[in-house]
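What follows is a short report on a single structure.
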Amino acid sequence: MQVNFLCEADPMNAAIRAIRELLRNHPKELILPLVVFTVAMALGYVARRLLLRALAAWNGKTQNRTGQILADSLRGPVLIWIVILAVHLALQSSDLPARFTNWSTDPLRVLFILSLTLMGMRFAGELIRYHGAQIPGATPVTTLSQTLAQLTVLIIGVLIVLNQLRISITPILTALGVGGLAVALALQDTLSNLFAGFYVAVARQVRLGDYIKMDGGPEGYVSDISWRSTTIKTLGNNLVFVPNSKLAQAIVTNYHLPDKRLPVQLQVGVSYDSDPRQVERILLEVASDVVREVPGMLAEPAPSVSWDPGFGDSSLGLSLNYSVADFVSQYSVRNQLRQRIFQRFREERIRMPYPTRTVFLHETRTETDGVGEAARRRTNTDERG
């Protein structure tokens, strides 16, 4: 192994020595490569600016998001490509031996492939992020989806690099197969979360933007599904990170499936002296006003009134049944209904009684009390006699 390393290092050392000799004995020979490098960098920079400006003009004219993503992805790698081209042209114009200039071809080619791979990873991730949700029936666009797309591009790029370096991937695959079991055991929790997150995203039982509630756990909007955890944004604007394996095993209520519409019930208690028909009419009128004026309350199905819970200890219970657009809308709609119902009841002099209970006490005389009274009467009679 040591001999091979020295043999591989000899061309590099020889190239360094040749450059030193050139700088010491013929410094003027570097003028042409430096001029070529400078001119190539300047022309490449100008071409880059023209390209990015043309893409920006096209994006502004067509309002195409794909063009903007492509421009952002090209902004960094193009600089690397310009440097690679300038170095290659400078080396080709120098008086270095051909074996040295040819030796630099492989590193520059590998650098180009790696930069192209990084650009492809960014382009694929952003493209899926902004356009994946527009495809009917497509997998929900999550961080996990972006990561899988970027990982695919990275694997393709690595395979191309290995092919350029003439390295066989068969021993690598064999080593991965042997060590795969040990890696799987060491990363058991990580792999469990990864596959659980993939299952949750593909099954579409939990989607981005859905309002869910875990049994005995948090509730809120699903904001992201990554390779490790699912992010839930609560109504208090807090983020809760749930491991994907826990989410896949939990009992989850999704308030956005099969649709976002949610039936709600508001209970009202009135005095037994009230006219039930009048109360029902007022509740329906208030509900009609809220449907027209408050966003979130649905006109269909139409609001209704039912005698539920019915006869109570101190009041007659009625329920106003209505539907809201989504889970969160119920809070604002319920607030408006309570305020308006309370105001109408005051105007119509309909009393909403406090919880009360009337207890009737009856005086009873036991048989023992009767016997004692008769005994007292006999005692008094005997004393008078």
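Please give the peptides 340-352, 276-288 ranked by average Cβ packing (other Cβ atoms within 10 Å per residue), highest first, as a rough proxy for protection.
My ranking of the peptides, most packed first, is 276-288, 340-352.
Could you order peptides 160-166, 197-203 by the average number of other Cβ atoms within 10 Å of their residues, highest first?
Put in order of decreasing packing, that is 197-203, 160-166.
For residue 264, list long-range residues whose amide hydrogen, built 1.01 Å from N in the peptide plane, is under 5 Å from its own amide hydrogen.
322, 323, 324
Carbon and sulfur atoms: what percent of the 1.4 Å accessible area of the stretch 36-84 do they account for?
70 percent
Going by amide H atoms built from the backbone, whose H comes under 5 Å of the H on residue 224, apart from near neighbours?
For residue 224, whose amide H was placed from the backbone, the distant partners under 5 Å are 231.
In nm, give the distance between the simple-model label positions of residue 108 and residue 351, each being 7 Å from the Cα along the Cα-to-Cβ direction.
For residue 108 paired with residue 351, the spin-label model returns 9.8 nm.
Please grab the % of Cα pairs in the stretch 203-296 that end up more than 20 Å from each other.
53 percent
With a point put 7 Å past each Cα toward its Cβ, work out how far residue 39 is from residue 253 in nm, to one decimal.
About 7.6 nm, to one decimal.
Report the label-to-label distance for residue 300 and residue 277 in nanometres (one decimal), using points 7 Å from each Cα along the Cα→Cβ vector.
Once both label points are built, they end up 3.1 nm from each other.
Taking the Cα of residue 285, stepping 7 Å toward and past its beta carbon, and measuring to each backbone N in the stretch 294-326: which are under 14 Å?
Correct set: none at all.
Could you give each residue of the stretch 72-84 its phi-based ³J(HN,Hα) in whole Hz, using Karplus coefficients 6.51, -1.76, 1.60 with θ = phi - 60°, and x for Gly or Pro?
5, 6, 7, 4, x, x, 4, 4, 5, 5, 5, 5, 4
Tell me, what HN-Hα J-couplings in whole Hz come from the Karplus equation 6.51 cos²θ - 1.76 cosθ + 1.60 at θ = phi - 60° for each residue of the stretch 203-209, using x for Gly and Pro?
5, 6, 7, 10, 10, 5, x
The values are calculated or read from the model by the stated rules, or taken from the named source; none is laboratory data. Predicted, not measured: the structure shown is a model, and the values here were computed from it. When we count neighbours, we look across all protein chains shown, and the Cβ atoms used for this are built from the backbone with ideal geometry, even at glycine. When the accessible area is computed, the model is the full protein with side chains, heavy atoms only, and any ligands, DNA or RNA have been set aside. Shrake-Rupley method; radii C 1.70, N 1.55, O 1.52, S 1.80 Å.
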